[in-house]
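Below: one structure, written as structure tokens.
The values are calculated or read from the model by the stated rules, or taken from the named source; none is laboratory data. Here the structure is a predicted model, which is why all the values come from computation and not from measurement. Glycine also receives a Cβ, built like all others from the backbone with ideal geometry; neighbour counts cover every protein chain displayed.
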Amino acid sequence: MLPSRPARAPVVALLVALLTALLTALPVAATALVPAARAADGRAGRDASGTREAPREVSGGRLDWGIKSSFQSYVTGPIAQGGWELQGGAATIGGSRFRFHSAKGSHAPGSGAFEAAFSGGVHFTGHRKPDGSHELDLTISRPTVRVAGGAGTLYADMTSKAKGTGEVTTATQVPLAALDVSGVDLRGGGTHVGLADVPATLTEQGAKAFAGYYTQGTALDPVTLSADVLASADRAASPSASASPSTAPEEERTSKGGFTEAVVDWGVRRTFREYVTGSIAQGSWKLADGAQDGGALFRFPHGKGAYDAGSLDAAFAGTLRFTGRHLDLTLGGVRVAVKDGRGTLSADVTGGGRAVAKGVPLVTFDASRIEEKDGLAAVAEAPAKLTAEGAKAFGGMYQEGTGMDPVSLAVPLDAKAALPPLPDLGSGASAAPSPSPAEPRTKSAASSSASGSASFPVVPVAAAAAVVVAAAVATFLVTRRRRATSRATQ
Ligand code: HEM
């Protein structure tokens, strides 16, 4: 990418122009230095010998896209005074991009035609009305990228509310953005497809969702994606690479009223994850003992326990450890109890090398809509709130009732039931982001958390670690305030 600072001297301007011309001429994804082949369709192409080659399955991968940063700033800023929440396992990456996951699609090695549908969504709200509803209410989810014949388009499911009339329109797979894939060549039989910073502009259909504030051709944020392509042989062998395999034999997974392979998914709190990996804590997280990383949520598997008509008591495997500057917090021994429609997630909490606090109830969640379907008793993305004990366990840095990330639960009632797949970010990425000392862009993560609560990410730490992190929190507070002030005065 070119530097955004203006050139100060003509010679610099000339160099920039030359560099621009050079960069435009280069393929965005450097699989080869030839222009993209014109494919008649996205289904199949011809290999070098001219024979027709079946498209290969794309399975696993992520799409990172900020949609439009100025829209994010507007929604979370003083005019719309709103926020956004993540849906369906979408995550944030860096300061202003959303990460969609679990690519599914196809890639034709001969023609380079590529299609990948990603999961997850973002729900923007703003201009709150006295009745609690919002004038601005827009959801963009399940982006799909299609590249074929030298053209690229990003489609998405969109639900938007018209300004004024409040009429709600829902449409699936609307062409939202035109992607400039000139110079991109995706031909070749590799196991990975990557596109970096592809320029995107709004389509006519996409513009409708933005209440007339943007017109067709308006520049959106560039799109980056990474997807795994299965070798032809893998296709038969791996019908669903993203499904979370259950290691126990079927007959062991359930017994009457009991089960051994339940899972609970919880991301703790989005702003906390951003804090841990951001410039203050400069840390990371690690999962052990079977816990799995879905990017925006963590899966604790092998849940054993008993379920009866909406009541549940289960103990899960796996540990999750956050480390960073002045921060060392481990959650393990996760348990979930559901009674009378109310769920409680507890864990053994260890902070700063101190003694473990056993069985601390961390959050409660609404489990009244526990659904029994397809052999599973499941709760999907139930909003969660910190308990009084959780607030204490986290060193009093959070208040009781603080919104945390939602909790999802799946309990197999039938030995054949398939567990919901965990977001699959593909092999091209380490799911746990590495520390990022400085965000590349100016927008901070000051929008609402996944749980829709206030944006300030109060740092959850174990009681024992509270004092140690206090200094870091103070620094963070100051930084956040500075950022907020500078944004408001821009
Ligand atoms: C009560 C109703 C609304 C009011 C009073 C309102 C007001 C405004 C104002 C004053 C701006 C200019 C902001 C600036 O220049 O910094 C703006 C921008 C914008 N509004 Fe709204 N708006 C409303 C509803 C909506 C709705 C329903 C949408 C649909 C998504 C929407 C989408 C936008 C967009 C996309 C921008 C441009 C943001 C940017 O990139 O700078 N607005 N709005």
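Only strands (runs of 3 or more DSSP E) whose full extent lies in region 102-200 are considered here, and the ones with at least 1 residues that are in contact with a Phe, Trp or Tyr (Cβ under 6 Å, 6 or more places away or on another chain) and under 17 Å from THR224 (Cβ atoms) are 114-119, 121-128, 134-148.
Going through (1) small (Gly, Ala, Ser); (2) free of Cβ contacts under 8 Å to residues at least 12 places away in the same chain; (3) crowded, with 23+ Cβ neighbours inside 10 Å one by one, ALA309 falls short only on (3).
Condition check ((1) aliphatic (A, V, I, L, M); (2) at pLDDT below 95; (3) within 14 Å of the ligand (Cβ to nearest atom)) across all residues:
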| site | (1), (2), (3) |
| --- | --- |
| GLY183 | no, yes, no |
| GLY190 | no, yes, no |
| GLY212 | no, yes, yes |
| THR215 | no, no, yes |
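Once region 70-84 is narrowed to residues that are outside any helix (DSSP H, G or I) and in contact with a Leu (Cβ under 8 Å, 6 or more places away or on another chain), the residue that is surrounded by the fewest Cβ atoms within 10 Å (Cβ to Cβ) is ALA80. Selection of region 60-83 for residues being within 14 Å of the ligand (Cβ to nearest atom) and aromatic (Phe, Trp, Tyr) yields PHE71, TYR74. Scanning region 407-425 for residues that are buried (at least 20 other Cβ atoms within 10 Å of the Cβ), closer than 30 Å to HIS192 by Cα and over 19 Å from the mean Cα position of the chain (by Cα) returns a single hit, LEU419. Within region 274-293, the set of residues being at pLDDT below 90 and either touching a Gly at 6+ places or on another chain (Cβ under 7 Å) or of a type outside the set (Ser, Thr, Tyr) (or both) comprises GLU274, VAL276, THR277, GLY278, ILE280, ALA281. Might you let me know whether region 158-165 holds any residue that is surrounded by 21 or more Cβ atoms within 10 Å (Cβ to Cβ) and either among the hydroxyl-bearing types (Ser, Thr, Tyr) or not assigned by TED's automatic domain parsing to the domain that holds PHE100 (or both)? Yes, that holds for at least one residue.
Of the residues screened, GLY206 is one that is modelled with pLDDT of 70 or more, farther than 30 Å from SER427 by Cβ, within 16 Å of the ligand (Cβ to nearest atom) and buried (at least 22 other Cβ atoms within 10 Å of the Cβ).
Screening ALA54, ALA48, ALA90, ALA44 for residues that are modelled with pLDDT under 95, in the same structural domain as VAL184 (by TED's automatic domain parsing) and buried (at least 22 other Cβ atoms within 10 Å of the Cβ) leaves exactly one candidate, ALA90.
Would you be able to tell me the number of residues in region 148-180 that are farther than 13 Å from GLU115 by Cβ, aliphatic (A, V, I, L, M) and more than 16 Å from the ligand (Cβ to nearest atom)? The total comes to 1. Within region 84-97, is there a residue that is more than 10 Å from the ligand (Cβ to nearest atom) and of a type in the set (Lys, Arg)? Yes, because at least one residue in region 84-97 is more than 10 Å from the ligand (Cβ to nearest atom) and of a type in the set (Lys, Arg). For region 133-159, filtering for residues that are within 30 Å of SER232 (Cβ to Cβ), among the β-branched types (Val, Ile, Thr) and touching a residue at least 40 places away in the same chain (Cβ under 8 Å) leaves 3. Residue-level check: of (1) more than 11 Å from the ligand (Cβ to nearest atom); (2) touching a residue at least 40 places away in the same chain (Cβ under 8 Å); (3) over 21 Å from the mean Cα position of the chain (by Cα), PRO130 misses just (2). Taken as a whole, region 135-147 holds at least one residue that is of a type in the set (Gly, Ala, Ser) and away from the ligand (no atom under 14 Å from the Cβ).
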